[in-house]
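The values are calculated or read from the model by the stated rules, or taken from the named source; none is laboratory data. Quantities reported herein were computed from a predicted structural model and do not represent experimental measurements. These area figures cover heavy atoms from the full protein model, side chains too; ligands, DNA and RNA do not enter into them. Shrake-Rupley method; radii C 1.70, N 1.55, O 1.52, S 1.80 Å.
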Amino acid sequence: MAKTIRPAPVNKVYFGIDVGGTKILAVLSTPEGQIVARKRVATPRTGQAADTVAAIETLMEDLLEESRTTPRALRGVGLA
């Protein structure tokens, strides 16, 4: 049976988000620029800002969980 190897927790990360008309791309990176986790989802088509904000929040939670990183490690957020 294959075993999933999860990365070691990271002490400091930055959350980057690229919100486009068709997709939202989010990454967690170290201060050195190494990508720790990355995920892409479709931009909600409802036209409601709250739905886009909810999608971004879910992305952040998913990436923190995937990378075994706590929210306390988050040092900054960038949005494009």
- [ ] Calculate for the chain the 222 nm mean residue ellipticity that helices alone would give, adding -39,500 (n - 2.57) per DSSP H run of length 4 or more and normalising by residue count, nearest 500 deg cm²/dmol.
- [x] -7500 deg cm²/dmol
Task: Surface accessible to a 1.4 Å probe, residue 12 within the full protein complex, Å² - done: 100 Å²
Task: Stretch gain in nm, segment residue 70-residue 45, where the contour uses 0.36 nm per residue and the Cα spacing is subtracted - done: 6.0 nm
Open item on the list: With only alpha-carbon atoms in the gyration tensor, what are the semi-axes of the equivalent ellipsoid for the stretch 29-71, in Å, largest first?
Closed with: 24, 11, 8
Open item on the list: For the chain, take the longest principal axis of its alpha carbons; what is the angle in degrees between that and the long axis of helix 49-66, to the nearest 10 within 0 to 90?
Closed with: 10 degrees
